[in-house]
Amino acid sequence: MNATGSIDHFRKQWQTHVAAAEYDVTYPAESPRNQWQLLERIKADLMRDLLVKEGHGPGSTVLECGCGTAGIGIDLGLKGWCVTGLDVSEDALEMAARNAASHGLGEELKLLVGRVEAPPVPDGSFDVVTSFGLLEHFKDMGPVMDGMVRTIRPGGLFVAEVVSFRPSALVAGRLFDMAASASYNLAKLRVRKALQSWRKLVPDFYEKPLGRNGCRRVLEQAGLTDVRVWGIRPFPPLGLPESLEQKYMSLMGRASPFVKWFDAADNVFTNAWGWSLMAVGVKPALSDQARSSS
Ligand SMILES: C[S@@+](CC[C@H](N)C(=O)[O-])C[C@H]1O[C@@H](n2cnc3c(N)ncnc32)[C@H](O)[C@@H]1O
């Protein structure tokens, strides 16, 4: 988002959501009302399992960068983690606060306005720093990574979800949306609209094409060690009418053992098909940092 246009894009998007009071469309609800809530529920469960496995269970401090409505942060907060959300958009944070309050989380969730390139928190003050759907929107990820890594304590964990533009289930989902929109509009004899369906393939904001290796390099260049990047999320989001939305959710629900296996698998198929990348790295302990700089 060195293309400042992207920041403006998100600011405007949040203003629209605030106006429509759509503050928990993507909240990881225990009883999801739409496919986004279900997708986020699955991701929130994955995050909790991952943090516990990496030795950062409840009680650990977490900074969620570019938190938006802070769905994952609120879910962690409700389950005992000490979460701070950071976002450049005050509108997003207003929605995060309403989201938190409506799910029974009060001032335990701290919310800060600021840029991830220069987070307004002391260096090394968090056990875990996370970002979901943030990194891929920057042309130059260096300053963003430096800002985030600075806030992790030595020995702490960095976790990012990167939804980059690459061949995966996401592209399959967009192709499906394009074909569905073209067929629907042709059936209604709306030829111009049918021809415009190709736009479904193109995101309306900057999205970097970044594969697993590129993503791994970004984390390593920021000084993280034990870096691991793998594909998650087999079911892409689809633009469906309400009647089909419920059917899609029930399919995902029935496939939940498969989704759990998929998100943990890390093999050729899951890494190629998974529409999102999970990237994890450790900030070296001070003794290791001194050894590598000497
Ligand atoms: C794609 S949204 C993701 C929101 C949320 N993490 C989620 O997964 O739903 C990216 C978020 O990053 C925020 N953002 C963009 N640039 C930022 C920056 N330089 N510093 C802090 N936040 C930023 C935007 O306001 C937006 O809320």
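A few remarks follow.
- Glu22-Ala118 pseudo-label distance in nm [points 7 Å out on the Cα-to-Cβ vector]: 3.3 nm
- Residue-count net charge about Pro167 - beta-carbon cut-off 14 Å; Lys, Arg +1, Asp, Glu -1: +2
- In the chain, taking the dipole from charged Cβ atoms about the Cα centre, the farthest positive-side position among Pro257, Ala180, Gly239 is held by Ala180.
- Total lysine pairs whose alpha carbons fall under 25 Å of each other in the chain (8 or more apart, or interchain): 29
- Nonpolar atom fraction for the chain, defined as the carbon and sulfur part of the 1.4 Å probe accessible area, stands at 59 percent.
- Accessible surface, 1.4 Å probe, highest first, among residues Phe258, Phe205, Phe235: Phe258, Phe205, Phe235
- Dividing the summed -39500 (n - 2.57) terms of all DSSP H runs of n ≥ 4 by the residue count of the chain sets its mean residue ellipticity at 222 nm at -14000 deg cm²/dmol.
- Between the range 224-292 and the range 107-183, the C-alpha centres lie 14 angstrom from each other.
- Top of Gln35, Gln196, Gln221 by mean-square fluctuation, Gaussian network on the chain, Cα under 10 Å: Gln196
- Gain upon complete extension [Gln15, Leu244; 0.36 nm per residue less C-alpha separation]: 79.6 nm
- Computing FRET efficiency as 1/(1 + (r/R0)^6) for Arg199 and Glu94, where r is the C-beta to C-beta distance and R0 is 41 Å, gives about 0.85.
- Accessible area per residue was computed with a 1.4 Å probe on protein heavy atoms; Asp87 scores about 10 Å².
- Per residue, the solvent-accessible area of the chain (1.4 Å probe, heavy atoms of protein chains only, all protein chains present) comes to 47 Å².
- Within the chain: Cβ-based charge dipole about Cα centre, in debye rounded to nearest 20 (Lys, Arg +1; Asp, Glu -1): 1100 debye
- 11 Å beta-carbon shell around Phe132, net charge (K/R +1, D/E -1): -3
The values are calculated or read from the model by the stated rules, or taken from the named source; none is laboratory data. What you see is a predicted model, and the numbers here were worked out from it, not measured in a lab. Ideal geometry is used to build each Cβ from the backbone, glycine not excepted, and the neighbour counts take in all protein chains shown. The protein model used for the area step is the full one, side chains on, heavy atoms only, and it has no ligands, DNA or RNA in it. Shrake-Rupley method; radii C 1.70, N 1.55, O 1.52, S 1.80 Å.
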